[in-house]
Amino acid sequence: MFPLALCSVAVIAISVERFWTLNPNKIAPRNQLGDVWTQIQNNNMSSEQLKELRKSSPLGRVLAAGLTNSRHGREVMKDSIQEAASQVIHELERYLAILGTIAAVTPLLGLLGTVLGMIKVFAAIMLEGTGNAGVLAGGISQALLTTAAGLGVAIPAMISHRFFLRRLDALVITMEQDAVKLVDVLHNDRRVDLKQA
């Protein structure tokens, strides 16, 4: 039960931290691409502005990486965006593997507790015989309690893990779309109203 209690605390802590960190308004602010495009059109995109953009949000880091290399051609710009995006995504995935592992392991910990409890029940049968139903019932219920506790931790962990994976996928798609729009507009492949984007 002690490892299950630790796992439940970890699930709560990671879920709260990821909910706070994976806030769409912090990761990919809705108007950031339009603001960047306005600065580019007004020739206000200085190295200081790029530093501020890089620090502003993960999407800002991706856009700043592309803008820094935009003069070197479309392919170099795309490569620098992909490299920055890989680093950003890696940081955003932090603790999700732990959450998935807890979701997979806690039912097994519960089952292990049940097996150990049943071993104790059979040891009690060997010592006292089957005449004392109270001892047997208490031992069996105690053994099954660990399985219930394992499932009680695993189910919320699995739900939380899936929820944050889905949120991360949506954020990655948003950042990818904004980066592609910026590349296309800067290299005149298509006309996009970035203020509306």
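The values are calculated or read from the model by the stated rules, or taken from the named source; none is laboratory data. These numbers come from a predicted model, not from an experiment. Virtual Cβ from ideal backbone geometry, glycine too; neighbours counted across all protein chains shown. For accessibility, only protein heavy atoms count, side chains too; no ligands or nucleic acids. Shrake-Rupley method; radii C 1.70, N 1.55, O 1.52, S 1.80 Å.
Summary table
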read-out: Net dipole in debye of the chain [+1 Lys, Arg Cβ; -1 Asp, Glu Cβ; about Cα centre; nearest 20]; value: 260 debye
read-out: Taking only Cα atoms of segment 1-81, radius of gyration then Dmax in Å; value: 18.6, 62
read-out: Over the chain, relative contact order from alpha-carbon pairs under 8 Å, at least 6 apart, %; value: 32 percent
read-out: Calculated P(r) tail over 12 Å for segment 89-140, as whole % of Cα pairs; value: 70 percent
read-out: Close Lys-Lys pairs in the chain, where close means Cα under 25 Å and separation is 8 or more or interchain; value: 14
read-out: With Cα atoms, 0 to 90° folded angle of helix 2-21 axis to the chain main axis; value: 20 degrees
read-out: Cα-only radius of gyration and Dmax that characterise segment 31-120, units Å; value: 22.8, 77
read-out: Computed lengthening from Ile155 to Ala170, 0.36 nm per intervening residue step minus Cα-Cα distance; value: 3.1 nm
read-out: With Cα atoms, 0 to 90° folded angle of helix 96-128 axis to the chain main axis; value: 0 degrees
read-out: Estimated translational D of the chain in µm²/s (Stokes, Kirkwood radius over Cα pairs; 20 °C; 1.002 mPa s); value: 106 µm²/s
read-out: Vicinal HN-Hα couplings computed from phi for segment 61-72 (Karplus, 6.51 cos²θ - 1.76 cosθ + 1.60; Hz; Gly/Pro x); value: 4, 5, 5, 5, 4, x, 5, 4, 10, 5, 6, 8
read-out: Between helix 32-41 and the chain: long-axis angle, C-alpha atoms, 0 to 90°, nearest 10; value: 20 degrees
read-out: Expected 222 nm ellipticity per residue - DSSP helices of 4 or more, -39500 (n - 2.57), all of the chain, to 500; value: -28000 deg cm²/dmol
read-out: Solvent accessible area, Å² - Val16, 1.4 Å probe, full protein context; value: 90 Å²
